[in-house]
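The values are calculated or read from the model by the stated rules, or taken from the named source; none is laboratory data. All figures in this text were calculated on a predicted structure; none of them were measured in a lab. Counting neighbours? That spans all protein chains shown, and the Cβs are built from the backbone with ideal geometry, glycine included. Please note that ligands, DNA and RNA were not included when accessible areas were found on the heavy atoms of the full protein model with its side chains. Shrake-Rupley method; radii C 1.70, N 1.55, O 1.52, S 1.80 Å.
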Amino acid sequence: MSDLLELKNIEIKEYCVLDKKTGITKFMGEKGLPGYTGLYFKDSNNFFALYPTIYGPKIYFQGYEFDMQKDLTITLEKKGKERKFKILEYDIEIEYVESPYIGIDIWSDEIDVDLFCLITQKL
């Protein structure tokens, strides 16, 4: 199995190739690898990815890979434009500012293009 993953940012048209072994990321505007693409979030402090594997969905955060399981305690707190996403079992906590792309996704109930909103809506 390859350590290279291609991921897509759902907020903007940008792709990323992540080397899980080294943590090195390469960003580009076009899809480069064949096959299914996972999703990622990146800001100045965090890189978070969610992607499928033959063993089930995985999370990549701070250089570690975690299993995405249905029984995880996942929360998203919203306070004005500030948000805090948590997965308690893995000590994952990401504080970030509301996406500037609110209202872009006409199919979303949340009217928000945000990976963490998408994750909490699917639970």
Rounded to whole Hz and in sequence order, give me ³J(HN,Hα) for segment 13-22 from the Karplus expression 6.51 cos²θ - 1.76 cosθ + 1.60, θ = phi - 60°, writing x for Gly and Pro.
7, 9, 10, 9, 9, 10, 8, 4, 6, 9
Here, trypsin sites (Lys or Arg not before Pro) of segment 23-84 satisfying both criteria (DSSP loop; at most 12 other Cβ within 10 Å) are LYS31, LYS70, LYS81
Could you check the simple spin-label distance between LEU4 and LYS70, using points 7 Å along Cα→Cβ, in nm with one decimal?
3.5 nm
If you count only protein heavy atoms with a 1.4 Å probe, what accessible area per residue comes out for the chain, rounded to a whole Å²?
63 Å²
Restricted to the chain, the DSSP antiparallel beta bridge percent, nearest 5, is 90 percent
Contour minus end-to-end for LEU88 and ASP19, with contour as 0.36 nm per residue of separation and end-to-end as the Cα-Cα distance?
22.3 nm
Share of the chain's accessible area from carbon and sulfur, percent, 1.4 Å?
53 percent
Given the DSSP H assignment, sum -39500 (n - 2.57) over each helix run of at least 4 residues in the chain and divide by its residue total; what's the result at 222 nm in deg cm²/dmol, nearest 500?
-1500 deg cm²/dmol
Just the number, please: Stokes-Einstein D of the chain in µm²/s, Kirkwood Rh from C-alpha pairs, 37 °C, 0.692 mPa s.
217 µm²/s
Hey, got a sec? Which chymotrypsin sites (Phe, Trp or Tyr not before Pro) in segment 3-108 land in a DSSP loop and have at most 11 other Cβ atoms within 10 Å?
TYR36, TYR55, TRP107
Summing +1 for each Lys or Arg and -1 for each Asp or Glu, what net charge is found among the other residues whose Cβ lies under 12 Å from the Cβ of TYR36?
+1
Formal net charge of residues neighbouring GLU82 (Cβ-Cβ distance under 9 Å; K, R +1; D, E -1):
+2
